[in-house]
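Let me begin by presenting the structure, written as structure tokens, before commenting on it.
The values are calculated or read from the model by the stated rules, or taken from the named source; none is laboratory data. Computed from a predicted structure; not experimentally measured. With ideal geometry, Cβ positions are generated from the backbone for all residues, glycine too; neighbour counts draw on all protein chains shown.
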Amino acid sequence: MIVAESKPFKEIYELVKDFSRVCVIGCGDCVTVCHTGGQKQVEELALKLRIAAKRDGRKLEVKEETVLRQCEQEYVEPIVNYINDYDAVVSIACGVGVQTLAEKYTPSRVLPGLNTTFMGAPVEPGLFLERCAGCGDCVLDRTGGFCPVSRCSKSLMNGPCGGSMGGKCEVAEDVPCVWNQIYVQLDKQQTMHYMDDISPPKNWSVSTGSKPRKLEIKHLQMEKE
């Protein structure tokens with residue numbers, strides 16, 4: 001899932017300082033799970049904006065809305081009925097959701113209320129850990145299901161650095177050394193031979209170092225045609 005954290009309220013309030021009618025729109029998917037962009041957070045942000053505006057003697061109308069998924073155009077279609085009634089939209093979805101609204105409802109002002117951080121997993125209530133960097137060249141079959149790109153502080157591809165001690169990362173003591181985890185996992189799976197393989201330089205051209213990526217599902221495109 002995509003994990004995002006709330007922007008400081010001061011920053012959001014500054015974004016809407018020149019507007020008198022604002023719509024706060026949340027997303028019912030990833031950011032609801034990580035408690036930063038669901039209906040509850042929409043209500044809280046809207047209330048804080050109203051209180052801050054009243055304190056400053058400003059007239060500010062705030063509408064509250066949450067859609068199932070902001071990243072899909074069909075789910076944001078209903079807001080076409082009122083989006084142009086507002087000076088700006090504050091999207092508390094991931095960056096994909098913000099861009100979906102901005103592209104679909106140009107020239108409406110769509111402002112981000114969250115900072116998108118990483119793709120991760122909930123490991124306990126209120127704790128989300130990065131698990132995938134979207135590198136475009138998955139190696140999990142050779143690393144026991146542990147990702148060295150996202151879970152190694154140095155993204156090393158051929159074993160641990162010289163600084164890891166006692167199974168802990170050199171960069172951050174509260175982070176397990178993923179190469180220690182990989183070693184233990186491969187030993188359990190009896191696939192330790194992967195540790196002898198030398199990974200070539202990673203092909204970052206399929207990652208964010210190249211042009212914006214896309215995925216084409218041929219059979220779905222044929223059905224559409």
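If you check Pro78 against the conditions, is it of a type outside the set (S, T, N, Q) and crowded, with 17+ Cβ neighbours inside 10 Å? Step through it out loud before you land on a result.
Numbers: of a type outside the set (S, T, N, Q): yes; crowded, with 17+ Cβ neighbours inside 10 Å: no.
Against the criterion (of a type outside the set (S, T, N, Q) and crowded, with 17+ Cβ neighbours inside 10 Å), Pro78 does not qualify.
Determine if region 172-191 includes at least one residue that is free of Cβ contacts under 8 Å to residues at least 40 places away in the same chain, in a loop (DSSP other than H, G, I, E, B), touching an Asp or Glu at 6+ places or on another chain (Cβ under 7 Å) and hydrophobic (A, V, I, L, M, F, W, C).
Looking for residues that are free of Cβ contacts under 8 Å to residues at least 40 places away in the same chain, in a loop (DSSP other than H, G, I, E, B), touching an Asp or Glu at 6+ places or on another chain (Cβ under 7 Å) and hydrophobic (A, V, I, L, M, F, W, C), one finds none in region 172-191, hence no.
Out of region 162-175, which residues are touching a helix residue (DSSP H, G or I) at 6+ places or on another chain (Cβ under 8 Å) and exposed (fewer than 15 other Cβ atoms within 10 Å of the Cβ)?
Scanning region 162-175 gives a single hit, Gly167.
Just a yes or no: is a residue in region 78-99 out of contact with any strand residue (DSSP E or B) (no Cβ under 8 Å at 6 or more places or on another chain), outside the structural domain of Thr36 (by TED's automatic domain parsing) and in contact (Cβ under 8 Å) with a residue 24 or more places away in the chain?
no
Out of all the residues in region 2-11, which are out of contact with any Leu (no Cβ under 7 Å at 6 or more places or on another chain) and either assigned to a strand (DSSP E or B) or surrounded by 16 or more Cβ atoms within 10 Å (Cβ to Cβ) (or both)?
Ile2, Val3
Take the residues in region 105-115 that are crowded, with 16+ Cβ neighbours inside 10 Å and either outside the structural domain of Val42 (by TED's automatic domain parsing) or of a type outside the set (S, T, N, Q) (or both), then tell me which one is nearest to Val149 (Cα to Cα).
Leu114
How about region 33-57: which of its residues are without any contact (Cβ under 8 Å) to a residue 12 or more places away in the chain and either within 16 Å of Pro125 (Cβ to Cβ) or not basic (Lys, Arg) (or both)?
Once the filter is applied, which keeps residues that are without any contact (Cβ under 8 Å) to a residue 12 or more places away in the chain and either within 16 Å of Pro125 (Cβ to Cβ) or not basic (Lys, Arg) (or both), region 33-57 yields Lys40, Glu44, Leu47, Ile51, Ala53, Asp56, Gly57.
Please tell me if Leu111 is under 22 Å from Ala4 (Cβ atoms), outside any loop (DSSP other than H, G, I, E, B) and either in contact with a helix residue (DSSP H, G or I) (Cβ under 6 Å, 6 or more places away or on another chain) or touching a residue at least 24 places away in the same chain (Cβ under 8 Å) (or both).
yes
Is it the case that Glu65 is assigned to a helix (DSSP H, G or I), modelled with pLDDT of 90 or more, closer than 28 Å to Ser20 by Cβ and assigned by TED's automatic domain parsing to the domain that holds Thr32?
Against the criterion (assigned to a helix (DSSP H, G or I), modelled with pLDDT of 90 or more, closer than 28 Å to Ser20 by Cβ and assigned by TED's automatic domain parsing to the domain that holds Thr32), Glu65 does not qualify.
If you take the residues in region 192-225 that are part of a loop (DSSP other than H, G, I, E, B) and surrounded by 10 or more Cβ atoms within 10 Å (Cβ to Cβ), which one is modelled with the highest pLDDT?
Ser199
Here are some conditions: (1) surrounded by 14 or more Cβ atoms within 10 Å (Cβ to Cβ); (2) modelled with pLDDT of 95 or more; (3) assigned to a loop (DSSP other than H, G, I, E, B); (4) over 18 Å from the mean Cα position of the chain (by Cα). Gln70 meets all but one. Which one does it not meet?
Of everything listed in (1) surrounded by 14 or more Cβ atoms within 10 Å (Cβ to Cβ); (2) modelled with pLDDT of 95 or more; (3) assigned to a loop (DSSP other than H, G, I, E, B); (4) over 18 Å from the mean Cα position of the chain (by Cα), Gln70 misses just condition (4).
Within region 130-153, how many residues are free of Cβ contacts under 8 Å to residues at least 60 places away in the same chain, over 14 Å from Asn203 (Cβ atoms) and not in a loop (DSSP other than H, G, I, E, B)?
The number of residues fulfilling the criteria is 5.
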